[in-house]
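Presented below is the structure to which this report refers.
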Amino acid sequence: MDDKNINSLIILREVLCEDVFSLFIKYNQSQSDADFALFAGKLIERGGEKNFAGYVADVILKSENAVSVACARGTTPSAYAQKAYLRDIKIIFDYVDEAQTYGYFEKGCASYPFGKGLSDKALFARIKRFYRQNGYGEFINHKAFTYDGKLVPIENPSPVTLDSLKDYAYEKQIIDDNIANFVQGLPYNNMLLYGDRGTGKSSTIHAMLNKYFKKGLRIIEINKENMLSLPKIRQIIADNPLKFIIFIDDLSLSESDDKISGLKAALEGSVSGNTANTMIVATSNRRHIVKENFSDRNDSVHRNDSMQEQLSLSDRFGISVLFSSTDKAQYLSIVRQLAADGNLEMEDGELCALAERWALTKGGRSPRRAKQFIDLALSCRKKNTTIEF
């Protein structure tokens, strides 16, 4: 096969560096058995052996380039850029089709939005619509990211769903309504979720991500140390059509922490202000986030100023949701629901007695404790052993 054309790509040159496709090109150049083995092994590892054209189509779509970024932002690339992009696509698929004709792997076809028989205008309209709906690059397939100087995809985010989180229906509804507004482009508020540990604050946000992912929601999880990078993170995603929750889990600050002012500015009151595609959500064990010292209370001169400073941060969250501690009745209700979901067959009295002993042994009742107990009980039943702890 002639490699002259494949090396003349203009917009999609990044595709040449993708590991499977680069191995494919190397094999075509060498025709050696060793190079074919490397290529075929990597392709099988990625699950693309039954549809190599489809695999390559996904590589093209995930390529971050001038055209994909412009289309995602809602702008139309120049006529020259469009022509170069469509030319690159034709070159790549001609190269792949020739390989399939040689019978290296099963005949496959390109995936959406590439289709045969489309005019250049219709094809580019499809491509533009795809990027506008799905973002570009890593944002297409990844739900969650962390930040470490740059956005890093989380390969295996939590699969938790709202159905698997029991009780706290009122709290979840408030959060759901606000995120639905956010995704739909309606007015929304930043949120603070506070309350006892193990009550499902973080899990609720992860469940919302799984619910709204296909509607364009993504999450960027940052730690306290990166809060001063909030303006930079917002700049990175400013032109992205997707919606991003910037998630700060287990937030707690001291009065002297310089990150307080940074978070305040990010929530409101700075030049950068809020952007339409970001929502800040934080979880904390305390309502006021900032730790209060006894010296704050004893200093009568500055007590009011200190208290106002502490309150002003939490007040900048438009919505605050309390996840209260779990009493015995609610704890056992959650246990029963989880047991039913797992088809755990056990007499109710025995189930409740064991669950209550588990909670007392582990330091208290909470949805997390209920889930841990049911996981243990299910494992013991499947192994036909006694539930012991």
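The values are calculated or read from the model by the stated rules, or taken from the named source; none is laboratory data. From a predicted model like this one, the values you see are computed outputs, not experimental measurements. All Cβ positions, even for glycine, are placed from backbone atoms using ideal geometry, and neighbour counts span all protein chains on display. Please note that ligands, DNA and RNA were not included when accessible areas were found on the heavy atoms of the full protein model with its side chains. Shrake-Rupley method; radii C 1.70, N 1.55, O 1.52, S 1.80 Å.
Taking the dipole about the Cα centre of region 43-85, with the C-beta of Lys and Arg at +1 and of Asp and Glu at -1, give me whichever of 80, 48, 63 is farthest to the positive side.
Of the candidates, 80 comes out farthest on the positive side.
Longer than 23 Å from Cα to Cα, which of 121/215; 90/243; 243/371; 328/362 are they? Say none if no pair is.
121/215; 90/243; 243/371
How much of residue 388 can a 1.4 Å solvent probe reach, expressed as accessible area in Å² and rounded to 10?
140 Å²
On the protein heavy atoms, probe 1.4 angstrom, tell me the percent of accessible surface of region 65-202 carried by carbon and sulfur.
52 percent
Please express the shape of region 320-382 as an equivalent ellipsoid: the semi-axes are the square roots of 5 times the eigenvalues of the C-alpha gyration tensor, given largest first in whole angstrom.
Rounded to whole Å, the semi-axes are 20, 12, 11.
Ranked highest first by average number of other Cβ atoms within 10 Å, how do 349-360, 184-195 line up?
Output ranking for 349-360, 184-195: 184-195, 349-360.
Going 7 Å from the Cα of residue 13 along its beta-carbon direction, which residues of region 56-80 have the amide nitrogen within less than 15 Å of the resulting point?
Only 64-67 pass the distance filter.
How much space per residue, in cubic angstrom, does the convex hull of the C-alpha atoms of region 121-245 take up?
135 Å³
Could you state the accessible area per residue of region 42-182 in Å², with a 1.4 Å probe and every protein chain left in place?
I get 52 Å² per residue for this part.
For residue 327, put the label point 7 Å out on the Cα→Cβ axis and report which residues of region 165-185 keep their amide N under 17 Å from it.
Hits in region 165-185 for residue 327 at 17 Å: 167-171.
Students sometimes get this wrong: rank 11, 92 by accessible area, probe 1.4 Å, all chains present, largest first.
From most exposed to least exposed: 11, 92.
When the chain is fully extended, how far beyond the present Cα-Cα distance does residue 5 get from residue 26, taking 0.36 nm per residue of separation?
Answer, rounded to one decimal: 6.1 nm.
If R0 is 25 Å, what FRET efficiency do you get for residue 173 and residue 249 from their C-beta distance, rounded to 0.05?
According to the calculation, E is roughly 0.70.
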